[in-house]
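Just below is one structure, and these are the notes that go with it.
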Amino acid sequence: MFPWVYGFTWSTGNLIFLGIFFTVVIVIGLTLGLSVLRSLRSAQSNEIAHIRWKSEFHDLPAAARTCRHIFAGDTRERTCAHDFDCGTCTAHRHIEELRRSGRIVLHRPAGSGGFSVSSERLYHRGHTWLRREPDGTVVVGLDDLASRLVTDRSTLGLPPVHAAVFRNAPLVTIRRASAGTRILAPIDGEIVEVGGEGCEWLVRLRPRSLGTDAFAHLLRPAEAAGWLQYEFERLQRSLASGGVGVTMADGGLPMQELASAVPVDAWDRALGEVFLEP
Amino acid sequence: MDSSLIPRGLQRTSFPRFLAWVLPWVALLGVGLFAVYLCLAYGLNQTNMDNRFAFGAWIYLDLTVIALGAGAFFTGFLLYILRRKELAAVINSAVVIGFICYSGAVAVLMVDVGQPLRAWFTFWHPNVHSMLTEVTFCITCYLTVLAIEYVPLILKNRKLRKNASMLLFEFQLHKLMVVFAGIGTFLSFFHQGSLGGLYGVLVGRPFAFRPAFGIWPSTFFLFILSAAAAGPSFILLTSWLVSKIARKPLVAPDVYRTLGRISGSILLVYVLLKAVDTLVWINRTAPGLGFQASSFYRYGDFGSWILFAEIVLLGLLPALMLLSSRVAQHTGWLVTAAAMACSGIVLNRFVMTIQTLALPTLPFDAFLSYVPSWQEVATFLAVIAYGVLVYSFSFRYLNLFPQERELRSA
Amino acid sequence: MVIDLDRCTGCGACVIACAVENNVPPAHEGTTPRTGLTWMRVVRVDDGRSFPDTRSVFVPLMCQQCDHHTPCVSVCPQNAVEYDEETGIVTQVPVRCLGCRYCMTACPYHARYFNWWDPEWPAGMEQTLNPDVSTRMRGVAEKCNFCHGRLQAARAKAAAGSRPLAPDDYQPACVEACPTEAIVFGDLNDPRSTVSAAASSPDTFRLLEHLGTGPKVRYRSRSAAVRESLTRNSVSSEKEQVHG
C-alpha cells in the first residue's frame, strides 16, 4: 500500500490502482472534513436559525410551500423554492413590477373562508401577523386561524424582553400535553415588550431594519385572505386523511373554536401543519 | 417516548404491534449470530463448503445483494448528477437498502474468509491484478460512502434534529451530497464490474471464463449493466412491498413508472449484450479452451433451460414489459415485471457462482453437488433479518419516503 | 516433473512421503475426501466398463505448477501466492493468506486445499514434524510447492559451497519415495536433463492443455487410450459413461 511496506513495487498497475484509491479516500475525507468545518463555522456565527429554517423548509410538504402569488391570483401553480424569502425571488420581483406598472391588478378573492383579515396587518407564512406602530416598533400576534387553534394563552412560552429574534426562527413555543411546536418570528428584531393576558398581540419588537426589504416576504391582506382559506383546507385535508374525520367546513364557516374540533392524538400533526414544522 | 421519534405527520403502527413484527426477525438474527459464532470459533468446517466447492452460498449471497443494492448508487447518480428530481421520492429508501445490502455482504464476507483478522492484509499488500482486490477496496470505500449518505437521514430524525449541531452537520453534509453521489457511482462501476470479473477471469473455469476487453473480461461490463438494471427494479419492488405491508401509498405511481422505464431500458441493453456474449462464448471462447459449450448443460437439472430462463424469460420479457406503456398503467404488472427482472439477475448470479463450481474441469471429474449446512443457511437468513430490521426501524423513525405525507392528504 | 503413468502402481507411497515431509496434519474427525489436506493424491481413472473388462490408470495429482500466467497467482488479493521466476515454482505463503479461497476456485486441477480445521497432531506425534517446514493454521490455503523446505536446504547448501543451485541438488519427497521411479524431477529448461528428455517424448501430455495454463507437470503413457482419456474434456468422458 505504501512504498515502505514490504513487497511494494513501483509498477504501473500499483501506481494507477493505488493512485485512484488514495484519490477517492482523500476526496471522501476532504468532503467530510469540509462539512464538519462548515458546520462548526456556522455554529459559531449566528447562522443556526437561518439553517434550521432552510432545513425545515426543505422538508415541508409541497402543499405547504405554495407560492404566495397563487393566493393573489397571479399564477396558477407554483411551489416556493426560496424558503419563503420573496426578496431573493426573481419571479416575485417581476410580478411586483408588473403590478406597479398596472398590468396586473391585485384583486381580493371572493372570500376568506370566514377568517378575519385586517387591512393594517402584514401576514407571515408561519401564521403570525405584524402591525407597524407609529413609534417604529411592530407588534406581532397570531392570525385568525392560529388563534382559533391555540386558544389558551397559558400554553404559550413567550420570549423575555431584550431577546433577539430572527426571521423564521422560533419566537414562541407552544406546549400542550403530548404535542409541542414553535411559532416562527416574522422578522429580525429585538423584543421590547411582552403582551399580557387579553392583549391582541403577543410581543412588541424593535425591527432590525425598517426598509421595505425587511417586510417584502410578508403577505399583504389581499393575499392573506386567500391564503388563510387555503391553509384551513390544507389542515382539514391533513386531519381527514389520518382517519381523524374532522367534520368542519364543506363550504360552511369554520367553527369558532377550532381547537375543540381537533382530537387529542391529531394535535401534533395539526400544529406541525399550521406552524410549518415538518 | 416512541411516538416522539416518529416523523411528524406520518402514521405508524402502535409500538406493541411494531414489536410483534420485529421480534421474529430478531430471533432469526439471533440464530444467525449463533451460527456466525460457531463459524468464527470452530472454523469453516461448520459449513458444507469443501476444497472443490470453495465458494458457496455466502458468495452467492454477496453477489446477489450487491447487485440488488445497486439501486442506491444508480438512483443517487440519476438524482444528483443527471438531476432526475422525481427520484427524490425514493432516494432515502434506496440509500437505506444500499447500506443494508453492502454492510450485510461485508459482514458475511468477514465470516466467509478463513482468517478475518487478516482482512487488512489486502490493503497492506494488495495484488492489484486481482479482481478481488478491486472488489475489496471499492466495497470498503463505498460502504463508507453509504454510511455517510445514511447519516443525514438519521440526523433528520425528529428528536435528533432538535440538537443544533446535528442539524448543522446534516445541512452541510447534504449540500455536499453530490460529491458522495459521484464517488459512489465511480466506485460502484468498478466493484459491480469486478464482481463480474471475479469469475470472468477464471481461465481454469471454462464455464465462466470470458475474453477480456483491455484488462476486464466481458462479464465486468455485463455485471455493471445488470446491476444498474436490477437496482431500480429492486427499489420499485421494495417500495411497493413496504407500501403493501404498511398499507399506505408511499410514492406516486409515476415514480414507479420512471423506475420501471429506467430499469427496463438498461435491462434491454444488458440482455442484448448478454446474448451476444453468450453466442461468442458458445462459438469461440469455450471451444478455444477445449470445451463444447453444450457440455456444460448436460448435468442434472442444470440444462440449457437456465440459459433460456436467464436471457429470455427473466431478461428480455421483463425488459419489454417494463418498457411497455400498457404495463406501466398497472402497478401490479409493473411490480411483476420488476420482480422478474430481479429474479433474472439473481439467477445470473446463481449460475455464475454455483453452477461454475459444480461443473467438472478435469476429464475424470464428476459434477459436484453442494448443500449448504444449517450454519450457512442461518447466516444467510440473518442477513435478511438484519436487513428487515434496519429497514423497519428506519421506516418507523426516519422519513424514508418524502412523498408519503402528501400522498396521505391527497 | 514428468510422471510415467505406466509405472505408477497406485501404491500411495508418494502421498505418504509428501504428507510427512510437509507436516500435513492427520485428518480431523469428520474430514471427507473433499475437505482433507491432500497436497498429493492418486486418482484412479477407469474407462467406465464393469469388472472384469475395466481398465484403470492411477494418476498422481498435485499442483501442476502452471507457467507464468497461473490461474491462482493473479487472483490472490494479497500476494499470498508467488511465482518464483528462478525455479518456476508456484508457492503459497500461508502466513499471508486471508483464506478467501478465490485461488481454490480458480484452480482447474483442484490442487489447492483449505485448512478447514485447526491442525492437530496426536500427543507425541509433534516430535516427528519436519523442522524445515512450517505448519499452517486454520483458515488458510495450502498446496504442493515441490517441497519448498528441501529447495531452501539445497539453496543454503549451494550458498555455503559458493556455487549456484544445480537442478539435481534436491528431489521432492514424492520422487524419492516412488518405488517404481515413476516420477522424474529436474530442470525442464535444461535440454540435457533427464526430465527434459522425458518431457519431449511424444507420449507425454499435460492435463487441460487447452486452458493455456502451461503446467510444468507432465504425464506420459505409451497407451493411446490412457492419453486419450486424460486429455479429452469432461464432455466426452461423461458421454462415454452414459453410453457405456
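Readers should treat all values here as calculations from the given coordinates under stated rules, not as data from a laboratory. Please read all numbers here as calculations on a predicted model, not as lab measurements. We place every Cβ from the backbone using ideal geometry, glycine too, and count neighbours over all the protein chains shown.
Of note:
- Contact order normalised by residue count of chain B, Cα under 8 Å, 6+ apart, percent: 29 percent
- Here the residues C:209, B:376, ranked from fewest to most Cβ neighbours within 10 Å of their Cβ, fall in the order C:209, B:376.
- Footprinting exposure proxy for A:187, B:384, B:245 (fewest neighbouring C-beta atoms within 10 Å first): B:245, B:384, A:187
- For the range C:50-80 versus the range B:7-59, the spacing of their alpha-carbon centroids is 37 Å.
- Degrees, to the nearest 10: A:48-59 long Cα axis against longest axis of chain A: 80 degrees
- When +1 charges are put on Lys and Arg Cβ atoms and -1 charges on Asp and Glu Cβ atoms, the dipole computed for chain B relative to its Cα centre reaches about 1400 debye.
- Shape of the range C:1-140, Cα gyration tensor, a/c cut at 1.5: oblate
- Peptide A:24-32 is shielded by partner chain Cβ atoms: per residue, an average of 6 of them sit within 10 Å of its Cβ.
- For residue B:159, a cut-off of 20 angstrom between C-alpha atoms picks up these aspartates and glutamates, skipping any fewer than 8 places away in its own chain: A:56, A:59, A:265, A:268, A:273, A:277, B:2, B:149, B:170, B:404.
- Residues B:103, B:392, ranked from the fewest to the most other C-beta atoms within 10 Å, line up as B:392, B:103.
- Helix B:57-68 and the longest principal axis of the Cα set of chain B meet at an angle near 50°.
- Whole-Å distance, taken between Cα centres, linking the range B:146-186 and the range A:1-50: 17 Å
- Mean partner shielding of peptide B:171-177, defined as the number of other chain Cβ atoms within 10 Å of each residue Cβ, is 6.
- Of B:175/B:248; B:156/B:248; B:244/B:274; B:85/B:156; A:54/B:85, those spanning more than 25 Å from alpha-carbon to alpha-carbon: B:175/B:248; B:244/B:274
- For chain A, built as a Gaussian network whose Cα springs stay under 10 Å, the top-fluctuating residue of A:103, A:204, A:132: A:103
- Given charges at beta-carbon only (K, R positive; D, E negative), |dipole| of the protein assembly as shown in Debye: 1980 debye
- GNM on chain C, alpha-carbon springs under 10 angstrom: the most fluctuating residue among C:198, C:123, C:13 is C:123.
- Modelled spin labels at residue B:309 and residue A:213, positioned 7 Å past Cα toward Cβ, are 6.9 nm from each other.
- Convex hull per residue volume in Å³, alpha carbons only, for chain C: 151 Å³
- Percent RCO, i.e. relative contact order, over chain C, from Cα pairs under 8 Å lying at least 6 residues apart: 27 percent
- Solvent-free Debye scattering, log10 I(q)/I(0), computed from the Cα coordinates of the range A:53-274 at q = 0.09 Å⁻¹: -0.36
- Using Cβ point charges alone (K and R +1, D and E -1), the dipole size of the range A:53-274 about the Cα centre works out to roughly 440 debye.
- Entry note, chain A: relative contact order of 20 percent, from Cα contacts under 8 Å with a spacing of 6+ residues.
- Shielding of A:5-13 by partner chains, average beta-carbon count, 10 Å: 3
- Mean residue ellipticity (222 nm) of chain C, computed from DSSP H runs ≥ 4 via -39,500 (n - 2.57), nearest 500: -6500 deg cm²/dmol
- The range B:344-387 versus the range A:182-204: alpha-carbon centroid distance in Å: 69 Å
- Top of A:210, A:142, A:228 by mean-square fluctuation, Gaussian network on chain A, Cα under 10 Å: A:210
- Globularity index of the protein assembly as shown, i.e. its alpha-carbon radius of gyration over 2.2 N^0.38 Å: 1.22
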